[in-house]
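Take a look at the structure below.
The values are calculated or read from the model by the stated rules, or taken from the named source; none is laboratory data. In this text the structure is predicted, and so the values were computed from the model without any measurement. Here the Cβ positions follow ideal geometry from the backbone for every residue, glycine too, while neighbour counts run over all protein chains shown. With ligands, DNA and RNA removed, areas are computed over all heavy atoms of the protein, side chains included. Shrake-Rupley method; radii C 1.70, N 1.55, O 1.52, S 1.80 Å.
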Amino acid sequence: ARRAAGEHPGRLPQLLRQAQAHTGALPPLALPAGLHEAPPYLPAPSQPKPGWQCGLGLLVAAPLGRVAASALARLARSGITGLRLTPWRMLLVDGLAPQGMPGAGLTDHDHWICDAQDARLRVSACSGAPGCRQALAPTQDLALALAPHVPEGAHLHVSGCSKGCARQLPATVTLVAQAGGDGPVYGRGRHATAQAVPDSRWSARSLRDNPGLLFEEM
Ligand code: SF4
């Protein structure tokens, strides 16, 4: 009856009226339980993912954004009509039919990511040791080993030192190699870049043995 009379008895209109009356700003409404604000540095839901793009071709990624020259050469010589670099650290393959994927090497899991659900899309790493002289520990094998334990919607970055060459944005968890008394350790930063002061330090063994602990309480 109140709605029929033109009134708005709901709680939200009441809150809006209060906010306009006092500050002119919208009230900071809490998100429903179980929902969290998406940090702005994570990929937007609208960002393309590996897979067939209607009318365009196949979008493919590579583990940690690195592909062996031999795998790239095999793809280039497979009869495709074009390879395009994209802004999303992926390649768009033109002129390929689904049945041509094995011949082009794209079903080789070690070299390519064609599945949008592949956990390796949720990790990144710099060169690390031994590829970089500044690195205090290896990075890439650790990042790939931890990838299956990174929750969906989160990102793990592993850096060989605090320069953070391979990722200037924060990550949900950033591991940075540091010198330790008994060998290198990895400092953990949460929602931070490689330059941040870590909240805890982990050996490579403890990370591999307890990967689920990395993202606890996040
Ligand atoms: S972040 Fe450090 S270890 Fe990694 S590539 Fe850059 S300088 Fe090397």
Yes or no: Pro148 open to solvent by 30 Å² or more (accessible area, probe 1.4 Å), under 17 Å from Gly187 (Cα atoms) and at pLDDT 95 or above?
-> no
Going through the range 152-182 one residue at a time, which ones are more than 13 Å from Ala135 (Cα to Cα) and open to solvent by less than 80 Å² (accessible area, probe 1.4 Å)?
-> Gly153, Ala154, His155, Leu156, His157, Arg167, Pro170, Ala171, Thr172, Val173, Thr174, Gly180
Test for Asp110: is it within 30 Å of Cys161 (Cβ to Cβ), of a type in the set (Asp, Glu) and open to solvent by less than 30 Å² (accessible area, probe 1.4 Å) = no
What pairs come up if the first residue lies in the range 41-62 and is under 16 Å from Met101 (Cα atoms) and of a type outside the set (Asp, Glu), the second is open to solvent by 70 Å² or more (accessible area, probe 1.4 Å) and assigned to a loop (DSSP other than H, G, I, E, B), and their beta carbons are under 7 Å apart, counting only those six or more places apart or on different chains?
-> Pro50/Asp115; Ala61/Arg89
Leu72 passes all but one of (1) exposed (fewer than 14 other Cβ atoms within 10 Å of the Cβ); (2) at pLDDT 90 or above; which number fails?
-> (1)
Between residues in the range 112-132 that are in the same structural domain as Pro170 (by TED's automatic domain parsing) and residues that are among the β-branched types (Val, Ile, Thr) and within 16 Å of the ligand (Cβ to nearest atom), which pairs lie under 6 Å by C-beta distance while being six or more apart or on different chains?
-> Ala125/Thr139; Ala125/Val158; Cys126/Thr139; Gly128/Thr139
